[in-house]
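J.: Dropping the structure in here first, questions after.
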Amino acid sequence: MKKIEAIIRPEKLQDVKSALDKLGCVGMTITEVKGRGKQGGITQQWRGRQYHIDLIPKIKIELVVKTKYVDKVVNTIIESARTGNTGDGKIFVSSVEKVYRVRTGDINEDAI
């Protein structure tokens with residue numbers, strides 16, 4: 001089992017959720033986060049004054065999938081979240097040792 005964490009633009013959330021739904025990945029955790037990448041934030045202008053935004057609002061999507069589905073899920077997220085501009089996000093994949101379903105006590109793949 002693998003945990004996939006995707007950091008994406010907030011405006012791409014619906015596109016990513018719809019694409020994952022079509023794959024059958026409906027269980028996920030979504031969190032509003034802030035962060036910055038190599039660009040170190042952005043500079044904007046408002047009422048004639050420039051100001052620097054250090055931390056950009058993003059969405060973090062977390063899901064746990066069977067190992068055999070990782071590439072398909074990651075490619076789906078990339079295709080649906082990509083704008084081609086700086087700040088499209090990142091995807092992290094890590095191993096999951098155990099999963100427990102609280103309600104039933106199911107373990108590992110039975111719990112996802």
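J.: For residue 32, what is the net charge nearby, where nearby means another residue's Cβ is under 9 Å from its Cβ and Lys, Arg count +1, Asp, Glu -1?
T.: Residues close to residue 32 contribute a combined charge of +3.
J.: If you don't mind, another one. Within 10 Å of each candidate Cβ there may be at most 13 other Cβ atoms; applying that plus a DSSP loop requirement, which chymotrypsin sites (Phe, Trp or Tyr not before Pro) in the stretch 38-71 survive?
T.: Answer in residue order: no site qualifies.
J.: Among 10, 31, 46, whose Cα projects farthest towards the positive end of the dipole of the stretch 2-111, with charges put on the beta-carbon of Lys, Arg (+1) and Asp, Glu (-1)?
T.: Most positive-ward Cα: 46.
J.: Step through the residues of the stretch 101-112 one at a time and calculate ³J(HN,Hα) from phi using the Karplus curve (6.51 cos²θ - 1.76 cosθ + 1.60, θ = phi - 60°), rounding each to whole Hz and writing x for Gly and Pro.
T.: In residue order, the calculated couplings are 8, 4, 4, 10, x, 4, 10, 6, 4, 5, 8, 9 Hz.
J.: Placing +1 at every Lys and Arg Cβ and -1 at every Asp and Glu Cβ, with all other atoms neutral, what dipole size does the chain have around its Cα centre, in debye to the nearest 20?
T.: Charge dipole of the chain: 340 debye, to the nearest 20.
J.: Filter the trypsin sites (Lys or Arg not before Pro) in the stretch 28-86 to those in DSSP coil with at most 11 other Cβ atoms within 10 Å of their Cβ, and list the result.
T.: 38, 47
J.: Give, as a single signed number, the net charge of other residues whose beta carbon lies under 15 Å from the beta carbon of residue 83, with Lys and Arg counted +1 and Asp and Glu -1.
T.: Combined, the nearby Lys, Arg, Asp and Glu give +1.
J.: Given a cut-off of 26 Å, name the pairs among 2/90; 38/68; 3/34; 58/98; 12/66 whose C-alpha atoms lie farther apart than that in the structure shown.
T.: Table pairs above 26 Å Cα-Cα are 38/68; 58/98.
Laboratory data are not the source of any read-out in this text; all were calculated from the coordinates shown. None of the values given here were measured: they were computed from a predicted structure. Positions of Cβ are generated from backbone atoms using ideal geometry, with glycine treated the same way; all protein chains shown enter the neighbour counts.
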